[in-house]
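Below is one structure, written out as C-alpha cells, with a few remarks after it.
Each value in this text was obtained by applying a stated rule to the coordinates, not by laboratory testing. What you see is a predicted model; the values in this text were computed from it and never measured. Cβ placement follows ideal geometry from the backbone for every residue including glycine, while neighbour counts extend to all protein chains displayed.
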Amino acid sequence: MKKKLLKPPKNKEILIIPSCQKIKSICAKSKQILSAHQPGFFNPGVALKFLILEKFSSEKRVIFVDTDKIDLSLNLNTVQDNLAVSFQKNSTLFDLPNPSKKEWINFFRELKFKLEKRKISGKIIGNIDNFKAIILADKRKKLKTVLADSFLKFYRLNFNYSYLSDELNLKDYKDFWLKIYKNCEQFQKVFNKALDDYKQEFKFRFKNFPFPKLKKDELPFWIIKNNKRLKLFKNDLRVEDFDREIIFPRACTLTIFLRLYRSDCFVHGVGGKNYEWLNDRIIEVFFKRKSPFYLTISGTFLAEGITNRDIPFFFLSPNYLKDQLNLFLKKEDEEK
C-alpha cells in the first residue's frame, strides 16, 4: 500500500503530531528542544512552531538558518489576480547588509498600494504597519538580525536564539563534516540508497524529489564563493583548507546535524517532516545512531481576500494566531 506524505492542514486548522499531551511530556523531559527556520517572511504556520515552544518548554532554543538563499519577494493569489512585490532575491542571507530605510519604505509602500487596490482588509494593512514600524526602528547593519528580531518583537517572544553560521564555527560541525568527507563514497551510497527506498515507499518518480542524488565524489555541502552557493566535491577542498572556507550543509545534512548535535527533540513543520523518513535511515545506517525524536507542528490561516497559504506572518495579528492556538489546545484538553 502506498504511503502518503503529510499534507498541510486546511484553513483555520492546526496540526500537531504526536498529541499535545505527549508533546507536553516530551518537552518536560527534553534538555535541548530546537526549532530552526530562515529569518524571512515565513508563513503563520511556521510561527506556530515558536508559539508552541513558548508555551510548552523552558529549554527551547531557535536557530535562524542564515545559510540559505533569501527571497523576500511576495507572490500572492488574490480573489482578483496575482499580487507580486519584489524586494531582496536569491542571495545567501548570512552576510547581506540591511537595506536602507528608503528601500524598506518603498517596499512597504508598494505592498500596501497593491493590497489596497485589491480592497484587501484594513486589518491586514494595520498589521503590516505595525511590522513596518518594528523594521524601520532597527538600525543594525545585517539583514538577518533585523529579520529575526522583527519577528520576535512582532509576536512578543523571548527566545534564546543563534544563527546557523555561528553554530558551524564550532568543532563538532568540523567533526561532522570530516566524517562525511573521509567516508564520501560510503555516504553517497547510503544517501542514494535511502533516496531510492524513499521513492519506492512513497511511489515517487520525480528525479530530484525530495533531493537529487549525489554524484561521484559529491559532498552534501555548499561552498560559498563571492556570496554564491556552489556544490562541493571532494577534490575541491583539502582537509587543512576547511577552516579557511565557508562550508554550509545542504538541506538533508543540515537537519541531520541539528538533530544529532544540537537537540534531543527537533520541531518540524509539514515540509521538513516529509523527508525525515529518509534522514532517519541515513542516521541509522551511516552514523549508526538511533534517530532522535522530532515533533511536527503546522497550521494554515488564509488572510481575507488572499487565497494561497503562504502569506507572510505579519499579515495576521499575533493575538489572532495566539487565540487560535489557545482554542485548539483547549479543545485538545477537553477531548483527551
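With both labels modelled 7 Å from their Cα along Cα-to-Cβ, the E110 to A137 distance reads 2.6 nm.
Using Cα-Cα distances under 8 Å and only pairs 6 or more residues apart, what relative contact order does the range 1-119 have, in percent?
Numbers: 105 pairs, mean separation 22.0, N = 119.
Relative contact order, the range 1-119: 18 percent.
In percent, rounded to a whole number, the relative contact order of the chain is 31, using alpha-carbon pairs under 8 Å and six or more apart. Reducing the range 250-310 and the range 99-115 to their Cα centroids gives an inter-centroid distance of 33 Å.
Sequence gap at least 6, Cα distance under 8 Å: using those rules, report the relative contact order of the range 194-262 to the nearest whole percent. Relative contact order, the range 194-262: 26 percent. Using the alpha-carbon positions of the chain, Rg (one decimal) and Dmax (whole number) come out as 20.7, 59 Å.
If N is the number of residues in the range 194-272, what value comes out of its Cα radius of gyration divided by 2.2 N^0.38 Å? Write out the running numbers ahead of the final one.
Values: Rg = 14.9 Å, N = 79, 2.2 N^0.38 = 11.6 Å.
After normalising by residue count via 2.2 N^0.38 Å, the value is 1.29.
Straightening the chain between D217 and R289 buys 23.5 nm, computed as 0.36 nm per residue apart minus the Cα-Cα spacing.
In degrees between 0 and 90, to the nearest 10, how far off the longest principal axis of the chain does helix 44-56 point, with axes built from Cα atoms? Tilt of helix 44-56: around 80 degrees. This ranking places L157, L321, L48 by how few other beta-carbon atoms lie within 10 Å of each, fewest first, which gives L157, L321, L48. Footprinting exposure proxy ranking of W177, W104, fewest other C-beta atoms within 10 angstrom first, gives W104, W177.
Over the Cα atoms of the range 1-76, compute the convex hull volume and normalise it per residue, giving Å³. Don't skip to the end; give the middle numbers.
Values: hull volume 12.5 nm³, N = 76.
Hull volume over Cα atoms, normalised by residue count, gives 165 Å³.
With a simple spin-label model that places each label point 7 Å from the Cα along the Cα-to-Cβ direction, the separation between D197 and K89 comes to 4.0 nm.
Protection proxy ranking of 275-283, 295-303, by the mean of other Cβ atoms within 10 Å over each peptide's residues and highest first, is 295-303, 275-283.
Cβ crowding within 10 Å, taken as a proxy for footprinting-reagent exposure, orders K49, K331 from fewest neighbours to most as K331, K49.
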